[in-house]
Amino acid sequence: MNGRRRPPAVAVTGIGLLTPAGIGVEANWSRLVAGRSCATADETLRDGPVRITCRVPGYDPDAELGGFRARQLDRFTQLAISAARAAAADAGWDPRAWEPARVGVVLGNSLGGAATFAAQHHVLQDEGAQRVSPLLIPSFMVNMVAGQVALDLGAQGPSQVVATACASGATAVGAARDLLRSGACDIVLAGACESALTPLVLAGLYRMGALARGGGEPADVMRPFDADRDGFVAAEGAAVLVLERLEDARARDARIRAVVRGYGAASDAYHSTAPHPQGRGIEEALRAALADAEVSGSEVDHVNAHGTSTKLNDVTEGRVLARVLGDRPVVTSTKGVTGHALAAAGAMEAAYTALALQRQCVPPTANLTRLDEELTIDVVHGTARPARLDVAVSTSLGFGGHNAALVLTAH
């Protein structure tokens, strides 16, 4: 290392999850290991071209946040606050006990308060400007989710939102890690959220050709890496990770779920929605993350792939994984269970990767019955696979050509 001091490692000490797979770590892990899709018919979309989504089940914002507080917030912020609270509790932190100025918040989001915006647009059209809510702007602004989480937990360090589309969650973890490495913070709540399952957003995704259009039961529609895949099922959710310097976590005898060893990001600079045909951006991001972690591709045991179940993404990504990592890693796409939660996806999958390392088990890719013949990667399907896992990777690709990769280790 030429005498260069390696930056401090960063530990994942807490995880908060509100996803279509359930609320909390255990509910999520049980559903992932079972490999059962969360997709269901969505009554709010009964007049649209696509009527299947993956929503967070059983979430009561009034009970969680209080009715008055909940009514001030769009659902994407409600989910994020609840996930952040759960993550802090999971890490063993009482927000009343931490040093507020040393606690940061970095969250990813892409579509903001789409539901609030749509509802208030109808109010404007039907009832006039005087009836529009004065909470419209703070409810739908993307940055407000970090602000509201900081307010809720009393975190007075840097708070920010990153927006790299479907790579936002991974980008947030990378940015949070840098705050810890630089010494700007001692604790950072990092993750992402999304709740934009409105008729307009779903119509836009449908017109792009991104959504699955297959017939049959809703739970059978999304099939990452399968030869018959034809798109994703849109989802909502929130995932927040508590990150601390590893030495600090050990000093307070915290439970360490995993360690974030590497992060890399790169842009395709190719197309607004399609990945580069050779996967240039995700390959550069993955190689950068491996170099940052000081591990080789041959050392990677597991990949939680972006795996969106779209024709272009899965083949492009699969080829990159094979080219950079070889055929050794055990690969899964947990989106087969959860659907694609857009900005929240990368944070959810970072959490799932940490849990896979901690529990030495790789969940199956739901609905995969016949691997695309162009792929040579080892994709888990059917049942979960116990495995020796020391090094794992989570990859994320976003509209706009954003790419991010994380390298996590078990210790």
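Looking at Phe140, is it within 24 Å of Leu202 (Cβ to Cβ), of a type outside the set (Ser, Thr, Tyr) and crowded, with 23+ Cβ neighbours inside 10 Å?
No, not satisfied.
Taking Arg287, is it in contact (Cβ under 8 Å) with a residue 24 or more places away in the chain, surrounded by fewer than 19 Cβ atoms within 10 Å (Cβ to Cβ), touching a helix residue (DSSP H, G or I) at 6+ places or on another chain (Cβ under 8 Å) and not in a loop (DSSP other than H, G, I, E, B)?
yes
If you take the residues of segment 13-54 that are part of a helix (DSSP H, G or I) and among the hydrophobic types (A, V, I, L, M, F, W, C), which of them is nearest to Trp93 (Cα to Cα)? Don't jump to the end; show me each part of the working.
Residues of segment 13-54 part of a helix (DSSP H, G or I): 25-34, 43-45.
Next, only the ones that are among the hydrophobic types (A, V, I, L, M, F, W, C) stay: 25, 27, 29, 32-34, 45.
Details: Val25: 17, Ala27: 22, Trp29: 22, Leu32: 27, Val33: 28, Ala34: 31, Leu45: 40 Å.
Looking at residues that are part of a helix (DSSP H, G or I) and among the hydrophobic types (A, V, I, L, M, F, W, C), I get Val25.
With Leu243, Leu179 as the choices, which residue is more than 23 Å from Phe140 (Cα to Cα) and touching a Cys at 6+ places or on another chain (Cβ under 7 Å)?
Leu179
When the residues of segment 223-254 are narrowed to those that are of a type in the set (Gly, Ala, Ser) and in a strand (DSSP E or B), which ends up surrounded by the most Cβ atoms within 10 Å (Cβ to Cβ)?
Only one residue fits best here, namely Ala238.
Would you say Gly307 is small (Gly, Ala, Ser), under 19 Å from Leu368 (Cβ atoms) and in contact (Cβ under 8 Å) with a residue 40 or more places away in the chain?
Yes; evaluated as a whole, the condition is true for this residue.
Please indicate, with yes or no, whether at least one residue in segment 330-343 is surrounded by fewer than 24 Cβ atoms within 10 Å (Cβ to Cβ) and among the charged types (D, E, K, R).
First, pick out the residues of segment 330-343 that are surrounded by fewer than 24 Cβ atoms within 10 Å (Cβ to Cβ): 330.
Restricting the remaining residues to those that are among the charged types (D, E, K, R) gives none.
No, the conditions are met nowhere in segment 330-343.
For segment 315-358, give me the residue count where each residue is under 18 Å from Arg36 (Cα atoms) and among the small types (Gly, Ala, Ser).
6
Being in a helix (DSSP H, G or I) and touching a helix residue (DSSP H, G or I) at 6+ places or on another chain (Cβ under 6 Å), is that true of even one residue in segment 291-313?
Yes, because at least one residue in segment 291-313 is in a helix (DSSP H, G or I) and touching a helix residue (DSSP H, G or I) at 6+ places or on another chain (Cβ under 6 Å).
Could you say which residue among Gly183, Gly215 is at pLDDT 95 or above and in the same structural domain as Ala115 (by TED's automatic domain parsing)? Break it down stepwise before answering.
Values: Gly215 fails: at pLDDT 95 or above.
Among Gly183, Gly215, only Gly183 is at pLDDT 95 or above and in the same structural domain as Ala115 (by TED's automatic domain parsing).
For segment 113-137, give me each residue that is buried (at least 19 other Cβ atoms within 10 Å of the Cβ), assigned to a loop (DSSP other than H, G, I, E, B) and of a type in the set (A, V, I, L, M, F, W, C).
Within segment 113-137, none qualify.
What are the pairs, 6+ residues apart or on separate chains, where a residue within segment 213-235 that is farther than 13 Å from Gly307 by Cβ and without any contact (Cβ under 8 Å) to a residue 60 or more places away in the chain has its Cβ under 7 Å from a residue that is β-branched (Val, Ile, Thr) and surrounded by 14 or more Cβ atoms within 10 Å (Cβ to Cβ)?
Close Cβ pairs (under 7 Å, with a partner that is β-branched (Val, Ile, Thr) and surrounded by 14 or more Cβ atoms within 10 Å (Cβ to Cβ)) amount to Gly214/Val221.
Taking Thr273 and the conditions (1) outside the structural domain of Arg36 (by TED's automatic domain parsing); (2) under 23 Å from Ala163 (Cα atoms); (3) touching a strand residue (DSSP E or B) at 6+ places or on another chain (Cβ under 8 Å), which numbered condition does it fall short on, given that it satisfies the others?
Failed condition: (3).
Here is a list of conditions, (1) aliphatic (A, V, I, L, M); (2) crowded, with 18+ Cβ neighbours inside 10 Å; (3) under 26 Å from Ala285 (Cβ atoms), and Ala184 meets all of them except one; can you say which number that is?
Failing condition for Ala184: (2).
Which members of segment 316-336 meet the condition of being under 18 Å from Ala285 (Cβ atoms) and part of a helix (DSSP H, G or I)?
Thr316, Glu317, Gly318, Arg319, Val320, Leu321, Ala322, Arg323, Val324, Leu325
The values are calculated or read from the model by the stated rules, or taken from the named source; none is laboratory data. Note that the coordinates shown come from a computational prediction; the quantities given were computed from them, not determined experimentally. Neighbour counts are summed over all protein chains in view; Cβ atoms, including those assigned to glycine, are modelled from backbone coordinates with ideal geometry.
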